[in-house]
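*Asks:* This is the structure I have questions about; it appears just below.
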Amino acid sequence: MNWSVLTLVGADQQGIVAAVSKLLFEADCQLAEASMMRLGGNFAIMLRVGHDASADLKTVLAPVVDGMKLHLHLDEDVPASPRHIEPDVHITVYGADRTGIVAQVTSLLASAGLNIIDLETAVGGSAEQPIYIMSIEGHAQQGIEALRNAIKNLADDIEISLTEIDTLRA
Amino acid sequence: MSVLDILAYPSEQLKKLSETVEQVDERLLAFIRDLEETRLSGPGAVGIAAPQVNVHQRVVIVDVSNMKKPCENHGHMIMINPEITEWDGMAMGREGCLSVPDFTGNVIRAERIVLNYMDETGEKHEITSSGFEARAIQHELDHLDGLLFLDRLVSRRTDLFQRKIYK
Ligand SMILES: [Zn+2]
């Protein structure tokens, strides 16, 4: 079995996931991890798919790609089992919306060893006073203390909190 | 003593209800010793429930006293016929399970619980547990009712509602 990662992007419309997974199923493909999101009327899904060496995923997915006007990006021959990284820290950031807030926070955290596993941001508040909210799950490669020290240098108008994730094993 | 085989999902045995223990005899005590040895053989397992080794009796072991990051706890507990009588608050946390290898996910649990149980000497206890220990107890008691943390998964997108934050 070969493994590929496919990324599909397009305008959000009902039934994309069902249509994609049906075509893959009918072509005897195997689905592994998938992540999907909607953003401002757009849709993106990433899927890791197992398939025969002979399978041509572009042809398999052509009906939905053409029919729903999606963009398909294919990364072939990715490792079958990517190393599973467990998040050990959760970080919430918020502040008045201004340019550079994400860059500032993430580069500070990266320099202190944070490997971001999952990041989500949103804009809330009113039109006159928007606030920026960001939620990050990651792995602290240099330990949580290094992150705590790093965020002390952050501007005062940005609120940031850091929670250790203690995964229960039972 | 011996390390017992741990059942992994999709074993149907994990979805069965466990029965109330009627008497604590030598046979049960020997089983509890094996159960403990099995728990200790797992990587960093803070708890184990009897049905995970295919014994459908209401027995669990919980011990969160050796966590890397210390938390409030009642030490090593062998619980027979445990029963939660009060639930309070909600907290989200990440869980994994000996019976669900290679996967962890977010689960909402009560932040504080009150529970009754009998220990292996027959003595009855009522304790109030909170935080990580309360989470471990709720996870184990679920096993007695044929539930896995997979039955309670919530989306990672719920993270913004986490209650406890430390700066
Ligand atoms: Zn478990």
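The values are calculated or read from the model by the stated rules, or taken from the named source; none is laboratory data. Here the structure is a predicted model, which is why all the values come from computation and not from measurement. Every residue, glycine as well, gets a Cβ built from its backbone with ideal geometry; the counts of neighbours run over all protein chains shown. Only protein heavy atoms, including side chains, enter the accessible area calculation; ligands, DNA and RNA are left aside. Shrake-Rupley method; radii C 1.70, N 1.55, O 1.52, S 1.80 Å.
*Asks:* How would B:Val55, B:Val3 rank on accessible area, largest to smallest, probe 1.4 Å?
*Replies:* So the residues, ranked largest to smallest area, are B:Val3, B:Val55.
*Asks:* On to the next question. Suppose accessible area is computed on protein heavy atoms with a 1.4 Å probe; arrange B:Met79, A:Met37 from highest to lowest.
*Replies:* If we order B:Met79, A:Met37 from most to least accessible, we get A:Met37, B:Met79.
*Asks:* Could I ask something else about it? Could you go through the range B:44-53 in sequence order and give the Karplus-derived ³J(HN,Hα) for each residue, using 6.51 cos²θ - 1.76 cosθ + 1.60 with θ = phi - 60°, rounded to whole Hz, and x for Gly and Pro?
*Replies:* Using θ = phi - 60°, the values come out as x, 6, 8, x, 7, 10, 3, x, 5, 10 Hz.
*Asks:* Probe 1.4 Å, all protein chains in place: accessible area of A:Met1 in Å², nearest 10?
*Replies:* Spelled out: A:Met1, probe radius 1.4 Å, area about 130 Å².
*Asks:* Can you compute log10 of I(q)/I(0) for chain B with the Debye formula, treating each Cα as one identical point scatterer, at q = 0.10, 0.15, 0.17, 0.20 Å⁻¹?
*Replies:* Results for chain B at q = 0.10, 0.15, 0.17, 0.20 Å⁻¹ read -0.35, -0.81, -1.06, -1.48.
*Asks:* Could I ask something else about it? Using only alpha carbon positions, build the gyration tensor of the protein assembly as shown, then give the equivalent ellipsoid semi-axes as the square roots of 5 times its eigenvalues, largest first, whole angstrom.
*Replies:* They are 41, 29, 17 Å, listed largest first.
*Asks:* Can I ask one more? Could you give each residue of the range A:5-20 its phi-based ³J(HN,Hα) in whole Hz, using Karplus coefficients 6.51, -1.76, 1.60 with θ = phi - 60°, and x for Gly or Pro?
*Replies:* 10, 10, 10, 10, 10, x, 6, 5, 8, 5, x, 5, 4, 4, 5, 5
*Asks:* Can you sort B:Cys71, B:Cys97 by 1.4 Å-probe accessible area, starting with the largest?
*Replies:* B:Cys71, B:Cys97
*Asks:* Rolling a 1.4 angstrom probe over the protein heavy atoms, how many square angstrom per residue are accessible across the range B:12-162?
*Replies:* 47
*Asks:* If exposed GluC sites (Glu not before Pro) are those in a DSSP loop with at most 10 other Cβ within 10 Å, what is the longest stretch of chain B that has none?
*Replies:* B:23-122
*Asks:* Shifting gears a bit: Pull out a ≥ b ≥ c, the square roots of the eigenvalues of the alpha-carbon gyration tensor of the range A:2-76, then state rounded if a/c is under 1.5, prolate if not and a/b is larger than b/c, and oblate in the remaining case.
*Replies:* The shape class here is prolate.
*Asks:* Separate question: Looking only at other chains, what is the average number of their beta-carbon atoms within 10 angstrom of each beta-carbon in A:156-167?
*Replies:* Across the residues of A:156-167, the mean count of other-chain Cβ atoms within 10 Å is 4.
*Asks:* In chain A, if every C-alpha pair distance is counted and binned at 5 Å from zero, what percent goes to each bin?
*Replies:* Distribution as computed: 2, 7, 14, 14, 13, 13, 13, 11, 8, 4, 1, 0 percent.
*Asks:* Just to check, using Stokes-Einstein with a Kirkwood Rh over alpha carbon pairs, what's the diffusion coefficient of the range A:89-164 at 10 °C and 1.306 mPa s in µm²/s?
*Replies:* 127
*Asks:* In whole angstrom, how far apart do the alpha carbon centroids of the range A:48-99 and the range B:52-125 sit?
*Replies:* Distance between centres, Cα-based: 37 Å.
*Asks:* Could you tell me which trypsin sites (Lys or Arg not before Pro) in the range A:102-170 are loop residues by DSSP with no more than 12 other beta carbons within 10 angstrom of their beta carbon?
*Replies:* Here the sparse-neighbourhood loop sites are A:Lys152.
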